[in-house]
Amino acid sequence: MTQVNLRKAAIIGCGFVGAATAFALMQSGLFSELVLLDANRQKAEGEALDISHGLPFARPMDIHAGSYDDMADAAVVIVTAGANQKPGETRIDLVKKNVAIFQSIMAEIRPRDFGGILLVVANPVDILTQTALKYSGLPESRVMGSGTVLDTARLKYLLGEHLRVDSRSVHAFIIGEHGDSEIAVWSSANVSGIPIHDFCEMRGYYNHREAMQRIASGVKNSAYEIIEKKQATYYGVAMAVRRICEAIIRDEKSILPVSGMLHGQFGVDGVALSMPAIVGKDGIEGHVPIQLNDAEAQALRQSADKLRGIAAAEI
């Protein structure tokens, strides 16, 4: 296995998400070297130059275009390459195009004895995480998808707006597919330890069911709304990727709803989807057994069945 350089990251794919991620990582100070790779070499070179010109306002860092050989010793390789979601498309609509792209990328990564963490960001992220696992040859703990980290942030943001409270004090998860079958886990949601419904009533809200449906729908439809307005989403997910990288590089053991393989946990087996997991320098260290009510558990199994069927047909 190639010796890992903990101060080095690589990004495959320099479209909107890849470029925004590179910018977010430059500002983070986590890495001293960042390698950018794109099918269009000039695009990677241009993004590296553009971001590098801001380094006098940040921290010293080597940002450059490179090849797969340059990525072999990276602590984290972030894969954003793939077809973009267009207005009216679901993430699942991208599956055929992006599975083929991922197969070709993993064929490049596999022979290079990569020793770091592979972080999948392209959509549909759960299916592509499973694709990466199958074709990279890497252990399951070291392959994860960005999953519902962004969806969970959207839920916290909308709840914070609704309750007029700092979203960082909101503790709640979106689980399952990063997509239309995702589940908001209301049964364990709280604000600084106060059950969500109790906190709502403290703030003068009593119509819980209507508010829950509206907020969960707002989370689910956020990407569609943004794509309709500006053709792509990239800032939010770039910050989600930065957060995951922080947990890995600092070995934080943070609990994040990343996408990874489940083997019997929560009644789900043999499929990659998002559940709260302990994330550190070795990747996914294990899943956290959060409590789900019967309806949430059933919805999770249905989400898993949907993804399992697509994976069986397409990977």
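Derivation of every value follows stated rules applied to the coordinates shown; laboratory data play no part. Just so it is clear, the model here is predicted, and its values are computed rather than measured. Glycine also receives a Cβ, built like all others from the backbone with ideal geometry; neighbour counts cover every protein chain displayed.
Partners of K229 within straight-line reach, counting lysines whose Cα lies under 20 Å from its Cα and excluding those fewer than 8 residues away in the same chain: K86, K220.
Diffusion coefficient (Stokes-Einstein, Kirkwood radius over C-alpha pairs, 20 °C, 1.002 mPa s) for the range 5-145: 142 µm²/s, rounded to a whole number. Computed from the Cβ-Cβ distance with R0 of 35 Å, the FRET efficiency linking R7 to E228 stands at 0.35. Over all pairs of different C-alpha atoms, the chain has a mean inverse distance whose reciprocal, the Kirkwood radius, equals 19.8 Å.
Is there a quick way to get the dipole size of the range 257-315? I mean about its Cα centre, with the Cβ of Lys and Arg at +1 and of Asp and Glu at -1; what is the value in debye to the nearest 20?
Computed charge dipole of the range 257-315: roughly 80 debye.
Ordered by packing density, taken as the mean number of other Cβ atoms within 10 Å over each peptide's residues, highest first, how do 148-154, 15-21, 132-138 rank? Provide the component values of the computation, followed by the final result.
Values: 148-154: 26.0, 15-21: 24.0, 132-138: 19.4.
Result, highest mean first: 148-154, 15-21, 132-138.
Across N84, N123, N190, mean-square fluctuation computed from a Gaussian network of the chain (C-alpha pairs under 10 Å connected) peaks at N190. Counting only alpha carbon atoms, the long axis of helix 95-109 and the longest principal axis of the chain meet at about 40°. Here the range 1-78 is treated as a Stokes sphere of Kirkwood radius computed over C-alpha pairs; at 25 °C and 0.890 mPa s its diffusion coefficient rounds to 202 µm²/s. Taking the Cα centre of the chain as origin and assigning +1 to Lys and Arg Cβ atoms and -1 to Asp and Glu Cβ atoms, the resulting dipole is close to 300 debye. Our coupling estimate for the range 256-273, obtained by passing each phi through the Karplus curve with A = 6.51, B = -1.76, C = 1.60 and θ = phi - 60°, is 10, x, 7, 8, x, 6, 10, 10, x, 5, 6, x, 10, 9, x, 8, 8, 7 Hz, Gly and Pro reported as x.
Per DSSP H run of n ≥ 4, the term is -39500 (n - 2.57); total these for the chain, divide by its residue number, and report the mean residue ellipticity at 222 nm rounded to 500 deg cm²/dmol. Kindly include the intermediate steps, with their values, before the conclusion.
On the way: 11 runs with 136 residues, N = 315.
Calculated mean residue ellipticity at 222 nm is -13500 deg cm²/dmol.
Beyond 20 Å, the tail of the calculated P(r) for the range 149-314 holds 54 percent of the Cα pairs. Build a GNM of the chain with springs between Cα atoms under 10 Å apart, and of A240, A107, A216 the one that fluctuates most is A107. Rounded to the nearest 10 degrees, the inclination of helix 235-249 to the longest alpha-carbon principal axis of the chain is 80 degrees.
Between the amide H of H178 and those of D126, S274, distances stay under 5 Å, these residues lying 5 or more places away or on another chain, with hydrogens modeled in the peptide plane. Placing a label point 7 Å from the Cα of L49 along the Cα-to-Cβ line, the residues of the range 63-83 whose backbone N sits under 15 Å from it are 63-66. Would you mind telling me which residue in I290, I109, I11 has the biggest mean-square fluctuation in a Gaussian network model of the chain, where springs connect alpha carbons within a distance under 10 angstrom? Ranking I290, I109, I11 by mean-square fluctuation puts I290 first.
With θ taken as phi - 60° and the Karplus curve 6.51 cos²θ - 1.76 cosθ + 1.60 applied, the whole-hertz 3J(HN,Hα) list for the range 190-202 is 8, 10, 6, x, 8, x, 4, 5, 5, 5, 4, 5, 4 Hz, x standing for glycine and proline.
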